[in-house]
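Every read-out reported here was derived from the displayed coordinates using simple, explicitly stated rules and does not represent laboratory data. None of the values given here were measured: they were computed from a predicted structure. Here Cβ is always computed from backbone atoms with ideal geometry, including for glycine, and neighbour counts include all displayed protein chains.
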Amino acid sequence: GHPRSRNYKAEFASCRLEAVPLEFGDYHPLKPITVTESKTKKVSRKGSTSSTSSSSSSSVVDPLSSVLDGTDPLSMFAATADPAATDSSRKRRDRDENSIIGSDFEPWANKRGEILARYTTTEKLSINLFMGSEKGKAGTATSAMSEKVRTRLEELDDFEEGSQKELLNLTQQDYVNRIEELNQSLKDAWASDQKVKALKIVIQCSKLLSDTSVIRFYPSKFVLITDILDTFGKLVYERIFSMCVDNRSVLPDHFSPENVNDTAKETCLNWFFKIASIRELIPRFYVEASILKCNKFLSKTGISECLPRLTCMIRGIGDPLVSVYARAYLCRVGMEVAPHLKESLNKNFFDFLLTFKQIHGDTVQNQLVVQGVELPSYLPLYSPAMDWIFQCISYHAPEVTATWRQREVHAEQKGWGSPLFQILSDSHPSASWPFLRAHRVVRCRAQCCS
């Protein structure tokens, strides 16, 4: 027999799906698919032929969402998001925005020249110069690590026990020149890998800030010495930062401690340990404050934990003039690395108010008598430090109202009136209404007490 012939075209046409005409723009590959389900059932009646009735229902099927029962995972997470988490995210975003100092904040560099020009003296000054010893030179490569550590600690002890000479009868210009020489010596020692010698120079310069023998020159001395501290802090930070860079990656500007390798962290800790071994309070405070930014290599909360501790450390400084400039320096380095941490700034101001009464104590009064300085000439020496603290407190701080109200209570209760007002009025107003309001409050108090 012969095989049965087949009409393939007819079979294909009978088996293919029904074509639905689409207009332009109707079709999209991600558009939901509509499936129509038809049901047919037979209905039989007596005395009649069977008839059929059909019903159809249509449903939209999305192959991606059908597994999830129509639930969009992104919408689901947004709907069930924790309000507290959302609020914390917003606060974190606001904190990041506040952690950047804008162009409306007057930098310290703008105030530097004005202070140097205003606070001068014709009196003779003195300075202690470090006398470098052979111990300060780098050891041989074969020396053990423990021997190196012991040698370096002995070098620091040798420095603190008097390996220095005092230069007397210096004019103000001679003094400035000597400070500039020390700044250059610091850079040279660092470049020649004599890190201990560099630290000695910074310690020596920081000790000068405890000397108020020529009190009229103290604000200018503060400016000159902190220039050296700034240089040291920058050198240490850049050194540790460079250790985080390898052939594979470069540390981003806004890095986290997780991005820092162990070698860099260990070096950073060593610097803090060396500084912690400084015996005297004032150089230990200033040198640690100068490398405050290096806490970023160790911990996310390092700076926020370090600022309150350094603030409390200043309480051990007995001279009110020396302590207020230490507070000004801490506020300056704090604003550079964490301007959003206002609590520490406010604490420094209120601590100053608590110690302000010391200007009437025997120690300060005897010092003024010996140097022939009257109180109206002494009080303006506080102005550069207080001006800077006021500027830091009032910068982008809507909550500063409560701060100043609390300050008013202090002024009223303690009766500081006239002396404090003289300092405030002598300071440069930082174009903030709280500052002007403080003027009026203290002026009223001064009039009531007079």
Contour excess over end-to-end distance, with Cα ends at Lys347 and Glu374 and 0.36 nm allotted per residue: 6.8 nm
Cα-Cα over 28 Å, subset of Lys200/Lys221; Lys221/Lys296; Lys197/Lys293: Lys221/Lys296
Which of Phe105, Phe12, Phe232 has the fewest Cβ neighbours within 10 Å, and the rest in rising order: Phe12, Phe105, Phe232
The stretch 344-358 - phi-based ³J(HN,Hα) in whole Hz, Karplus 6.51/-1.76/1.60, Gly and Pro as x: 5, 5, 4, 4, 5, 5, 5, 5, 4, 4, 5, 9, 5, 5, 5
Förster-model FRET efficiency, 56 Å R0, Asp188 and Asp362, C-beta, rounded to 0.05: 0.80
